[in-house]
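Scroll down for the structure; my scribbles are underneath it.
The values are calculated or read from the model by the stated rules, or taken from the named source; none is laboratory data. Being a predicted model, the structure only gives us computed values, none of them experimental. Heads up, the Cβs are rebuilt from the backbone with ideal geometry, glycines too, and the neighbour counts pull from every protein chain shown.
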Amino acid sequence: MQQKREQWGSRWGFILAAMGSAVGLGNIWRFSYAMGEGGGSAFLIIYLVSVLVIGFPVMLIEFSIGRRTQTDAVDAFKKLAPKSGWLVAGGLGVLAAFLILSFYGVIGGWSLRYMFEYMTGGITGDPQDFFVGFISDPASPVFWQFVFMALTVGIVFLGVQKGIELSSKVMMPVLSILLIGLAAYSLTLGGAEEAFAFMFQPDWDAFTDPSVYISAMGQAFFTLSLGMGAMLTYASYLDPEERLTSSAAIIIVLDTLFALVSGLVIFPALFAFGLDPSEGAGLVFMVLPNIFEALGGIGTLAGVVFFVLLSMAALSSAISLLEVAVAYFMRRLNASRKAMTLVVGLVIFLLGVPSSLSQGAMDITILGDSFLDFMDAFTGNLVLPLGGLIMVLFVGWTWTKKEILDHGDVADQSWGPLYVLTAKFVAPVAILLVLIIGMINW
Ligand code: PHE
């Protein structure tokens, strides 16, 4: 006898959990450094267009598949298209869960370490030296990565309602309040004007740089948790009667706001202290501590708030990454949630160790990037868009128009035909184009 499959306790439980998945390191850590490297506003504009033209339809498509099939990412395709190649999208998703969470856990660990440092009085010495010293140590980052993964495992271990839903209900409101408070404070530091110019004044030259397109589209996939079945898996725990469009809209709008407001936390402070936005993946860890230090006592408090925020955001996303793999293996191996969570969590932790070591302890590089940076760009900019492409093609071209409309709950919306058109042509062509540009310029 199969166990009854788990479900969310309420519609808001689902929305908050999906928002928890979307809002994460992607909005704060990844968004700020990608935007800093991508020249600011040009990146922002392409990212916003991608969210609207690609992100919204792909999210609705993942929701439709998940709610309709009530099963994990691989089985969903098996159910809908038996004996076909489409399930490669699900397989790619489970693989992506392993790859992304492996390095995500490393950054999550860094965040926990910084949270701990600020809670115990702040970091000592030059922030840059501190950061480099920390990440190039072979043991300490791995220890913190382990702590982060243990928390992630702990939540997923407790199940959909008692673990994922409950933790999201607590973390998401706290996160929102902390973020708004920090932004309000950061805007008073004197760098607001420069930050606004950097974020919102278009620099037309940057539009001719092909790498900005791929990183901005990759960012849209990454930050919305799309292209790997995370949203599909979460939607599979929905009651089939639950409506989808408004949930997707809420999640997308809030996730985007979260990224913008994070930008308003980071960039004004950064410019106020005359620091460089194109610092790369260490941006929030190297730049912000300078600022916190310069501010004295209140800076230590701001540091605590910031890293509590970052750690919680990371955790609520990490659980969705783990859940994709756990849901798959539970069904596939007919095993218990608890056993699968522990095993998969441990494997992913081990997979992440090379990422951690690649930051200075050992020389592990791929194509000139550190192992961690490579995993980040490879999964975000390539694997997720590819997974998303297969999913839109699947729904756009193997479902009837009526199925596309009905399963997305768009049949009675005025923009229904536009959605079908986007699923069939606009989104696939856009994703493909950007992927090709990216390949050519690799
Ligand atoms: N959306 C998360 C973030 O922005 C990352 C993530 C990607 C989570 C893919 C789940 C799936 O940090």
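Might you let me know whether the range 299-319 holds any residue that is at positive phi, in contact with a helix residue (DSSP H, G or I) (Cβ under 7 Å, 6 or more places away or on another chain) and hydrophobic (A, V, I, L, M, F, W, C)?
So the first thing to find is which residues in the range 299-319 are at positive phi, and the list is none.
Scanning the range 299-319 turns up no residue that is at positive phi, in contact with a helix residue (DSSP H, G or I) (Cβ under 7 Å, 6 or more places away or on another chain) and hydrophobic (A, V, I, L, M, F, W, C).
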Subject >> Any hit, the range 216-229, residues being β-branched (Val, Ile, Thr) and either within 13 Å of the ligand (Cβ to nearest atom) or buried (at least 24 other Cβ atoms within 10 Å of the Cβ) (or both) >> reply: yes
Original post:
What residue, among those in the range 264-311 that are over 24 Å from the mean Cα position of the chain (by Cα), aromatic (Phe, Trp, Tyr) and in a helix (DSSP H, G or I), is nearest to PHE31 (Cα to Cα)?
Top reply: PHE271
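In the range 405-422, which residues are without any contact (Cβ under 8 Å) to a residue 60 or more places away in the chain and part of a helix (DSSP H, G or I)?
Within the range 405-422, the first condition is being without any contact (Cβ under 8 Å) to a residue 60 or more places away in the chain, and the residues that meet it are 405-406, 411-412, 414-418, 420-421.
Selection gives LEU405, ASP406, GLY416, PRO417, LEU418, VAL420, LEU421.
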**OP:** Scan the range 27-43 for residues that are away from the ligand (no atom under 16 Å from the Cβ) and in a helix (DSSP H, G or I) and jot them down.
**Re:** GLY36, GLU37, SER41, ALA42
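Of the residues that make up the range 116-139, is at least one within 15 Å of the ligand (Cβ to nearest atom) and modelled with pLDDT of 95 or more? Walk me through how you get there before you give the answer.
The initial filter retains those residues of the range 116-139 that are within 15 Å of the ligand (Cβ to nearest atom), namely none.
Looking for residues that are within 15 Å of the ligand (Cβ to nearest atom) and modelled with pLDDT of 95 or more, one finds none in the range 116-139, hence no.
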Original post:
How many residues does the range 410-442 hold that are over 23 Å from ILE214 (Cα atoms) and either touching a strand residue (DSSP E or B) at 6+ places or on another chain (Cβ under 7 Å) or β-branched (Val, Ile, Thr) (or both)?
Top reply: 2
**OP:** Please give the number of the condition LEU254 fails out of (1) surrounded by fewer than 20 Cβ atoms within 10 Å (Cβ to Cβ); (2) more than 15 Å from the ligand (Cβ to nearest atom).
**Re:** (2)
**OP:** Considering only the range 388-410, state which residues are touching a Gly at 6+ places or on another chain (Cβ under 7 Å) and more than 26 Å from PHE222 (Cβ to Cβ).
**Re:** LEU405
Original post:
Any idea how many residues of the range 39-53 are farther than 28 Å from LEU418 by Cα and buried (at least 23 other Cβ atoms within 10 Å of the Cβ)?
Top reply: 1
**OP:** Would you check which residues across the range 3-26 are away from the ligand (no atom under 16 Å from the Cβ), part of a helix (DSSP H, G or I) and either farther than 22 Å from ALA318 by Cβ or within 17 Å of the chain's Cα centre (by Cα) (or both) and list them?
**Re:** ARG11
**OP:** Pick out, from the range 82-194, the helices (runs of 4 or more DSSP H) lying fully within it that include 2 or more residues that are more than 28 Å from ASP373 (Cα to Cα).
**Re:** 166-186
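Do we find that GLY91 is surrounded by fewer than 22 Cβ atoms within 10 Å (Cβ to Cβ) and at pLDDT below 95 in this structure?
Numbers: surrounded by fewer than 22 Cβ atoms within 10 Å (Cβ to Cβ): yes; at pLDDT below 95: no.
No.
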Original post:
Looking at the range 129-143, is at least one residue surrounded by 19 or more Cβ atoms within 10 Å (Cβ to Cβ) and among the small types (Gly, Ala, Ser)?
Top reply: no
**OP:** Specify which of the listed residues (TYR213, TYR234) is more than 16 Å from the ligand (Cβ to nearest atom) and hydroxyl-bearing (Ser, Thr, Tyr).
**Re:** TYR213
Original post:
Does GLU241 satisfy the criteria of being outside any helix (DSSP H, G or I) and not aromatic (Phe, Trp, Tyr)?
Top reply: yes
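Against the definition (among the charged types (D, E, K, R), free of Cβ contacts under 8 Å to residues at least 12 places away in the same chain and within 14 Å of ILE319 (Cα to Cα)), how does LYS169 come out, yes or no?
Details: among the charged types (D, E, K, R): yes; free of Cβ contacts under 8 Å to residues at least 12 places away in the same chain: no; within 14 Å of ILE319 (Cα to Cα): yes.
So LYS169 fails the test.
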Original post:
Under 7 Å by Cβ, and 6 or more places apart or on different chains, what pairs join a residue from the range 357-374 that is more than 19 Å from PHE131 (Cα to Cα) with one that is of a type in the set (Phe, Trp, Tyr) and surrounded by 14 or more Cβ atoms within 10 Å (Cβ to Cβ)?
Top reply: THR365/PHE371; ILE366/PHE374; LEU367/PHE374
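Listed residues VAL74, VAL51; which is in contact with a helix residue (DSSP H, G or I) (Cβ under 9 Å, 6 or more places away or on another chain), closer than 30 Å to ALA197 by Cα and either away from the ligand (no atom under 14 Å from the Cβ) or of a type outside the set (Lys, Arg) (or both)?
Numbers: VAL74 fails: closer than 30 Å to ALA197 by Cα.
Of VAL74, VAL51, the one residue that is in contact with a helix residue (DSSP H, G or I) (Cβ under 9 Å, 6 or more places away or on another chain), closer than 30 Å to ALA197 by Cα and either away from the ligand (no atom under 14 Å from the Cβ) or of a type outside the set (Lys, Arg) (or both) is VAL51.
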Original post:
Which one of LEU288, LEU232 is closer than 23 Å to ASN381 by Cβ and surrounded by 17 or more Cβ atoms within 10 Å (Cβ to Cβ)?
Top reply: LEU232
Original post:
So which residues in the range 296-329 are in contact with a Ser or Thr (Cβ under 7 Å, 6 or more places away or on another chain) and either among the aliphatic types (A, V, I, L, M) or more than 17 Å from SER167 (Cβ to Cβ) (or both), if there are any at all?
Top reply: PHE307, LEU310, ALA314, LEU315, ALA318, ILE319, LEU322, VAL324, VAL326, ALA327
